[in-house]
């Protein structure tokens, strides 16, 4: 019984971290069709923002929940204005430019912070269930992931802002004719996506620490989750994260963590062979 | 004129290649020869992506996967077999089969360009992480330890076919690499001039139209993808002979570098990526040295490469060969404007686009 609970918690935690890793990417890719290959480095930047603020004496929660998303959101807005804006509609070029950005960010952060691992110890202590122990912080992350999904759904579904965003993504010319400014909508969307990524980066620091090259460890998982999810950015990401997170955790329990990642990738490749448009390209097509 | 330029390019490559082939071993020191071998091996890698991206339109972010697989297969097989000729053959064969499998999933799944890029990237990342943790006894393949993070420092050097134990000297490896580079370059040229090559380019230009004309697009894409995989594997095998195999062969910076070479040299040409590759190798080497000097610690190779890539994508999307072609046209226009008839021709062309 205890074992089952702990296993379920582990799966929940894996799913939550996949949701956190990929939600910013889902917003940027799903809504704007921009492949942001610097996504991993946005996460890394969020991590460094949180650590730097924390070491300067800022409260840990403020550092993770406020400083990290703000920093990366501002950075994202800057990047959108300087680089991405010139490349809309040129998918491959955006990919290449953001790759260049990712290399430049790795280089820059290495120069500033050095090529060493920094971290914060996980807050909230641990929780025992029968003979097993797990971190309370991981349960907190499950809550945050769920909250983000629900909040995102509410914003897209019920606010004027969400309506404008969805309209612009569906048909920007029509939205412009109705009086919105697509350029501004894109800029805001990109900044929001970047801020969500920064938040995730900050929140993941206590679990995995941060090095300049940590983006490479995140980016594959994030992309696989978003692409397997398909067109519906929120429900697609959630379903794909649930599926892949479960596969990852179960394989990790049965074998090793590396095999868990290999299984995650293999599952995603097979999934894309069966459903090239992603899960929500076939099922739940009207979901958000 | 472009035909003249293309022939000129062929002649330049041939003379440069043959010159390096015979000149360098006689003149240079061993250190320089080994460095030049690495450059030439990387040039084959650049060629592999130039072929499948520039001509078939398949943006593969994971050429490093085939590169690394080629190197590792060679090292493991050579240690187990005790001789290297069959190991070298296996090192090309295995990654090609892997490319076939991966290509089957991607092309028969009809995944769009962008997803394809992401999947190939993911595959090479996973291979990197997998190989990185293979330290320890349980990961030995036969007599060959995979060595995890450290790779296989004792990667055997190629021996003469049929004479195990009689290893090639660095000069021989260099000649072999440059020779294979020349063969690969002109092989690609010839391949692209055949019916197969024309269909590949047709698919790049308009996939639907090619399909409606009755060509099985998936099959052609798979074939060119496998050729690209084989070339990358060849490059990995030669690289393993001049350095040794380690997990970095699979890493993101390697995949990224190849793309940067192609973009900077010029997409859609074969010569451009070769030039881009050599230039960037020299530049990274210089930056790496400069980086160690006091006061220049901010010159991080990643930083410079990244900024360079962004600048090229934004401002010089056609790369150095594109720039060179424009410059050539401009010069030709200048000289021709002297004669009145030509000036008139130019005027007609500009007024009738």
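Derivation of every value follows stated rules applied to the coordinates shown; laboratory data play no part. Just so you know, these numbers come straight off a predicted model, no measurement behind them. As a convention, Cβ positions derive from the backbone with ideal geometry for all residues, glycine included, and neighbour counts pool all protein chains shown.
By the gyration tensor of its Cα atoms, with a ≥ b ≥ c the square roots of the eigenvalues, what is the shape of the range A:45-164: rounded for a/c under 1.5, prolate for a/b over b/c, or oblate? Oblate. The mean sequence distance of close C-alpha pairs (under 8 Å, at least 6 residues apart), as a share of the length of chain A, puts its relative contact order at 34 percent.
The simple Förster model, with R0 at 30 Å and r as the Cβ-Cβ distance, assigns residue B:215 and residue B:327 a FRET efficiency of 0.20.
Normalised by 2.2 N^0.38 Å, where N counts its residues, the alpha-carbon radius of gyration of the range A:2-282 equals 0.99.
A quarter of the convex hull surface defined by the alpha-carbon atoms of the protein assembly as shown gives 34.4 nm² as the mean projection. On the principal axes of its alpha-carbon atoms, the range B:170-233 has extents of 51, 20, 14 Å, going from largest to smallest. Spatial offset of the range A:114-144 relative to the range B:66-112 amounts to 41 Å, using the alpha carbon center of each. So for the range B:1-149, what percent of the C-alpha to C-alpha distances run longer than 23 Å? Cα-Cα pairs in the range B:1-149 separated by more than 23 Å: 54 percent. Mean per-residue shielding of peptide A:266-273 is 4, counting Cβ atoms of other chains within 10 Å of each Cβ. Taking packing as the residue-averaged number of other Cβ atoms within 10 angstrom, the listed peptides B:123-129, A:273-279, B:162-168, A:209-215 run from highest to lowest as B:123-129, A:209-215, A:273-279, B:162-168.
Annotation: peptides B:272-280, A:135-143, B:322-330, ranked by per-residue average of other Cβ atoms within 10 Å with the highest first, follow the order B:272-280, A:135-143, B:322-330.
Between residue A:7 and residue A:163, the FRET efficiency estimated from the beta carbon spacing at R0 = 45 angstrom works out to 0.65. Projected over every direction and averaged, the convex hull enclosing the alpha-carbon atoms of the range B:127-174 yields 4.7 nm². If you wrap the tightest convex hull around every Cα atom of the range B:10-56 and split its volume per residue, you get 61 Å³. For the pair residue B:157 and residue A:134, label points projected 7 Å from Cα toward Cβ lie 5.6 nm apart.
R0 = 35 Å: FRET efficiency of residue A:146 with residue A:62, Cβ-based, nearest 0.05? The value I calculate is 0.95. Normalised size of the range B:198-242, defined as Cα radius of gyration per 2.2 N^0.38 Å with N residues, equals 1.55.
By the helix-only formula, in which each DSSP H run with n ≥ 4 contributes -39500 (n - 2.57) and the sum is divided by residues, chain B has a 222 nm mean residue ellipticity of -24500 deg cm²/dmol. With a simple spin-label model that places each label point 7 Å from the Cα along the Cα-to-Cβ direction, the separation between residue A:121 and residue A:283 comes to 4.3 nm.
Extending 7 Å from the Cα toward the beta-carbon at both residue B:196 and residue B:108 defines two label points whose distance is 2.0 nm.
Within the listed set B:196, B:39, B:98, the Gaussian network model of chain B (springs between alpha-carbon atoms below 10 Å) gives the highest mean-square fluctuation for B:196. Only DSSP H runs of four or more residues enter the estimate; each adds -39500 (n - 2.57), and after division by the residues of chain A the mean residue ellipticity at 222 nm equals -24000 deg cm²/dmol. For chain B, the C-alpha radius of gyration sits at 1.07 times the compact-globule guess of 2.2 N^0.38 Å, with N the residue count. Each of the peptides B:215-227, A:187-199 was scored by the mean count of other Cβ atoms within 10 Å over its residues; in descending order, highest first, they stand as A:187-199, B:215-227.
Extension gain, residue B:11 to residue B:139: 0.36 nm times the residue separation minus the Cα-Cα distance gives 41.3 nm. Averaged over peptide A:88-95, the number of partner chain Cβ atoms lying within 10 Å of each residue's Cβ comes to 4.
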